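This report concerns only the one structure given below.
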Amino acid sequence: MLKLEARAAPSQLMTVASPLLALVLTAVVAALILAAIGQDPLAGLRVLFVEPLTGRRQVSEVLLKATPLIVIALGLAVCYRANVWNIGAEGQFLLGCVGAGGMAIWLTTQGIVLPRALGVTVVLIAGMLGGLLWAAVVALLRDRFNANEILVSLMLVYVAQQIVNALVFGPWKDPQGFNMPQSVMFHASLHLPPMLERTRLHVGFAIALVLAALVTLFLFRSFRGFQLQVGGLAPAAARYAGFSARSALWTGLLLSGALAGLAGGMEVAGPIKQVTPYLSTGLGFTAIIVCFVGRLHPLGIVAAGVLLSLMLIGGELAQSRLGLPNAMASVLQGLLLLILLACDTFIHQRLRWTPSRKASA
Amino acid sequence: MNETALLINTALASGTTLALAALGLLINERAGVLNLGAEGMMLVAAVAGFAAALTTGSDTLGFLAAAAAGAALAAVFGLLVIFLNTNQYATGLALSLFGYGFSAFVGVAMVGKSLSPREQVAIPVLSDLPFVGPALFSHHPMVYGAMALTVVIAWFFYRTRSGLLLRAIGENPEPAHALGYPVRAIRLAAVCAGGALCGLAGAYISLVTAPLWVEGLTAGRGWIALALTVFATWRPARALLGAYLFGGVTVLQLNLQAQGVAVSSHLLTMLPYIATIVVLALISRNAAFIRLNMPASLGKPFRPGS
């Protein structure tokens, strides 16, 4: 019979091959779903996975949407490597939008015009602080009250969305906005500078790449990053070495909160340019998938961020071109993660055929 | 109907969803498996139950379809974590994300349709009693079902051999394995039972409370149910009590909104989530107490013969 047995050492090949295999299997399931609802599977797959890469504008949109995914996932990678399960990046992202949006609205309505570099920096820092504070609530409750960080961070997502709603339906509503639940448009000096002419792609993407390099250095070239990962892999060994689990908890959560907040700031100061109730379309949750598909490694995360963004844009195209429900993209995302986790089994284990005992007896 | 009686009535009704889900999660957590996919299972079950009830016109079939959908998703989760030893946190999360997307995907055709309001079943004689009658004895059958289930599950856990075995596996699977019990099959059964009950919980929203389907209908109740199992320190009766308590908070919040209290409705909507966080923090404060009550192998994979 077939039996799973532990490998002597993790398979290097499977570590890299598993996400690719998962992607192929997800595409196969996507084709099956398309066929089941009466679409041409090949044409559908083309719209979902290839079309978003045809043409300069499309590619710039893919990179634009990949930006927040990469930035959030970089923070989550540090968190997960420390074995701290922050799954509320969505909430920290929203509070980042609130922080950055609040600052931008205040500067705009007060008529304060800063030089663009300064204005944008101030807004982004406000966003980081917003996300950082929201994650600090999780860290505090875990540290002081031993409250499960998974549940607390997730609950705070719902609270964060209501904070956004309360603000845009209340004090932040644009007085000249025909009673629409949205804030004023931010002053032009607070918009993120574009990175590519005649597209919406902004410098945030470059910032994301720099951050990927910095997180790589932090994880693999700093003592602090080392301590954090030992704590995640072998808590007892970390304790014996005198590495503080509390400090790993705080570092992981504050860093991931700040990065999610920064991503929020870049979204409001980038493509959105105002605060509305519809700031996030589950980017904080998609980033979790990005993080796993990218093997919790900054370079992998950049690639996975582009891939998941591609699927999101592909989903939008499939909605407008083929009339598919817009949830198609989130079905595929969830599937990708499930299939990936199954494939990952074979990093540490392998299948072996053993003759059944009955046959030999 | 007396106001307090009405409040109790609606608190029980709205707590029933949480009770069903929390009781289900208790079963698989007692066997040592943590399923963070509760929200996803509830969503898919809610849409499955709604579709079944809409096409057949039968609530019973709706609930059955929902339980089957919940159990099917749970089986996928179970196969991954129990037989392939995948990370329980990540897999549960993946199930929740998938469930959210999948329910929205298949539910598109169901949006905007609604079932007629459900009828309540008044228990004869008892429901005529003043105060307690309207508060406790005129409800949808599923409300009584959740109460009965609590008793059944408590009896199963503490008064049957199989319940003892289930709890033993949750504490430490090795001895049970050594005695020849099929640990992984038992865990899979527990996970499926949990999924079926989460399915009933999802259908209770889409068939009774709402009764309609919209994307993200469950609004985090699966996650609140997960918090409830901690609050209940993994005991069925406390889970039921906690569910009614949270049902009460939700109802209170809605009542305050309806009465036009001078607080933003958005802030009131936060109330159940904040209550969950506060309660979770208070109950978890004593780490030793939680460790003592938590199934010792919760979340840990079991690899026989390794």
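The values are calculated or read from the model by the stated rules, or taken from the named source; none is laboratory data. Treat the numbers as computed from the prediction; the structure is a model and nothing was measured. With ideal geometry, Cβ positions are generated from the backbone for all residues, glycine too; neighbour counts draw on all protein chains shown.
Tabulated values for the structure
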| quantity | calculated |
| --- | --- |
| Segment A:277-290 residues that are within 20 Å of residue A:20 (Cβ to Cβ), paired with ones that are among the hydroxyl-bearing types (Ser, Thr, Tyr) (beta carbon under 9 Å, 6 or more apart) | A:286/A:309; A:286/A:330; A:288/A:80; A:290/A:309 |
| Subset of segment B:290-306 (residues that are free of Cβ contacts under 8 Å to residues at least 40 places away in the same chain and more than 8 Å from every other protein chain (Cβ to nearest Cβ)) | B:291, B:292, B:305 |
| Helices (runs of 4 or more DSSP H) lying entirely in segment A:242-361 (those with 3 or more residues that are away from chain B (no Cβ under 13 Å) and within 15 Å of the chain's Cα centre (by Cα)) | A:245-267, A:298-322 |
| Leading residue by the ranking (surrounded by the fewest Cβ atoms within 10 Å (Cβ to Cβ)) among those in segment B:56-85 that are within 7 Å of chain A (Cβ to nearest Cβ) and free of Cβ contacts under 8 Å to residues at least 12 places away in the same chain | B:84 |
| Failed item, numbered, when residue B:223 is tested on (1) more than 21 Å from the chain's Cα centre (by Cα); (2) closer than 23 Å to residue B:81 by Cα | (1) |
| Segment A:1-29 residues that are assigned to a helix (DSSP H, G or I), paired with ones that are of a type in the set (Phe, Trp, Tyr) (beta carbon under 6 Å, 6 or more apart) | A:14/A:346 |
| Condition check for residue B:280: at pLDDT 90 or above and facing chain A (nearest Cβ under 9 Å) | yes |
| Condition met for residue A:166 (within 14 Å of chain B (Cβ to nearest Cβ) and outside any helix (DSSP H, G or I)) | no |
| Verdict on residue A:142 being within 21 Å of residue A:77 (Cβ to Cβ) and among the charged types (D, E, K, R) | yes |
| Given (1) within 8 Å of another protein chain (Cβ to nearest Cβ); (2) modelled with pLDDT under 90, index of the condition residue B:97 fails | (2) |
| Per-region count, segment A:103-125, residues touching a residue at least 60 places away in the same chain (Cβ under 8 Å) and either under 19 Å from residue A:156 (Cα atoms) or over 23 Å from the mean Cα position of the chain (by Cα) (or both) | 10 |
| Answer from A:126, A:117 - the residue that is within 12 Å of residue A:95 (Cα to Cα) and either surrounded by fewer than 17 Cβ atoms within 10 Å (Cβ to Cβ) or more than 12 Å from every other protein chain (Cβ to nearest Cβ) (or both) | A:126 |
| Those residues of segment A:169-192 which are hydrophobic (A, V, I, L, M, F, W, C) and either in a loop (DSSP other than H, G, I, E, B) or surrounded by 21 or more Cβ atoms within 10 Å (Cβ to Cβ) (or both), in sequence order | A:172, A:178, A:180, A:184, A:185, A:186, A:190, A:192 |
| Hits in segment A:129-163 (condition: more than 14 Å from every other protein chain (Cβ to nearest Cβ) and either not small (Gly, Ala, Ser) or not in a helix (DSSP H, G or I) (or both)) | A:129, A:132, A:133 |
| Unmet criterion (only one of (1) surrounded by fewer than 19 Cβ atoms within 10 Å (Cβ to Cβ); (2) within 14 Å of another protein chain (Cβ to nearest Cβ); (3) touching a residue at least 24 places away in the same chain (Cβ under 8 Å)) for residue B:102 | (1) |
| Enumeration of residues in segment A:180-232 that are at pLDDT 90 or above and of a type in the set (Lys, Arg) | A:200, A:221, A:224 |
| Residue count, segment A:7-32 (criterion: within 13 Å of chain B (Cβ to nearest Cβ) and loosely packed, with under 12 Cβ neighbours inside 10 Å) | 1 |
| Residue within segment A:83-94 that is surrounded by fewer than 20 Cβ atoms within 10 Å (Cβ to Cβ) and either modelled with pLDDT of 95 or more or within 14 Å of chain B (Cβ to nearest Cβ) (or both) present | yes |
| Residue match in segment A:193-206 (condition: over 18 Å from residue A:97 (Cα atoms), out of contact with any strand residue (DSSP E or B) (no Cβ under 8 Å at 6 or more places or on another chain) and in a helix (DSSP H, G or I)) | yes |
| Considering residues of segment B:236-270 that are within 18 Å of residue B:197 (Cα to Cα) and in contact (Cβ under 8 Å) with a residue 60 or more places away in the chain only, the residue farthest from the other protein chains (Cβ to nearest Cβ) | B:237 |
| Pairs, first among the charged types (D, E, K, R) in segment A:32-47, second part of a helix (DSSP H, G or I), C-beta under 8 Å, six or more apart | A:40/A:34 |
| Residue count, segment B:114-167 (criterion: outside any helix (DSSP H, G or I), among the small types (Gly, Ala, Ser) and out of contact with any strand residue (DSSP E or B) (no Cβ under 8 Å at 6 or more places or on another chain)) | 1 |
| Cross-chain or 6+ apart pairs with Cβ under 9 Å, segment B:27-54 first and more than 23 Å from residue A:153 (Cβ to Cβ) and more than 11 Å from chain A (Cβ to nearest Cβ), then acidic (Asp, Glu) and assigned to a helix (DSSP H, G or I) | B:32/B:171; B:49/B:59; B:53/B:59 |
| Every residue from segment B:154-183 that is under 23 Å from the mean Cα position of the chain (by Cα) and touching a residue at least 40 places away in the same chain (Cβ under 8 Å) | B:154, B:157, B:166, B:167, B:169, B:170, B:171 |
